[in-house]
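The values are calculated or read from the model by the stated rules, or taken from the named source; none is laboratory data. All figures in this text were calculated on a predicted structure; none of them were measured in a lab. With ideal geometry, Cβ positions are generated from the backbone for all residues, glycine too; neighbour counts draw on all protein chains shown.
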């Protein structure tokens, strides 16, 4: 879960753009997720990200950039989040995000593979998946 809170006094937030970068692989195609009408003025919730079950992700370096856009195509300041994967860990939800954990904003469906895959003869370019 990736927790996010945003508000817009005009009440016209429309979408969240998500850009994922992976060391040794590059940028994945940008994903744009439309917001529900009830989230146009403010929201507090989470983004769900599908991840593969491969253990090799433990050593990969990722950065997720999120930008909220409104109906006039104004953009928020980018939020850059380092991502790590630990298949053995259970996510603990911090107290301040407990309520947000009940509100899924969007799903991110990046076709993530370990950089090991690309360095061992995979197609080598995440952008073409």
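Restricting region 82-97 to residues that are part of a loop (DSSP other than H, G, I, E, B) and surrounded by 11 or more Cβ atoms within 10 Å (Cβ to Cβ) leaves a set whose member that is modelled with the highest pLDDT is 93.
The sole residue among 106, 100 that is within 14 Å of residue 6 (Cβ to Cβ), more than 14 Å from the chain's Cα centre (by Cα) and surrounded by 11 or more Cβ atoms within 10 Å (Cβ to Cβ) is 100. Selection of region 40-50 for residues being crowded, with 19+ Cβ neighbours inside 10 Å and more than 15 Å from the chain's Cα centre (by Cα) yields only 43. Within region 37-58, the set of residues being farther than 23 Å from residue 93 by Cα and in contact (Cβ under 8 Å) with a residue 40 or more places away in the chain comprises 54, 56. Taking region 9-35 as the range and being farther than 13 Å from residue 107 by Cα, surrounded by fewer than 19 Cβ atoms within 10 Å (Cβ to Cβ) and touching a residue at least 60 places away in the same chain (Cβ under 8 Å) as the test, the residues that pass are 10, 12, 23, 24, 26, 27, 29. So, residue 70, is that one surrounded by 14 or more Cβ atoms within 10 Å (Cβ to Cβ) and over 13 Å from the mean Cα position of the chain (by Cα) or not? When the stated conditions are applied, residue 70 passes them.
A quick yes/no check of all residues on (1) modelled with pLDDT under 90; (2) within 19 Å of the chain's Cα centre (by Cα); (3) part of a loop (DSSP other than H, G, I, E, B):
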residue	(1), (2), (3)
52	yes, yes, yes
57	yes, yes, no
80	no, yes, no
111	yes, yes, yes
123	yes, no, yes
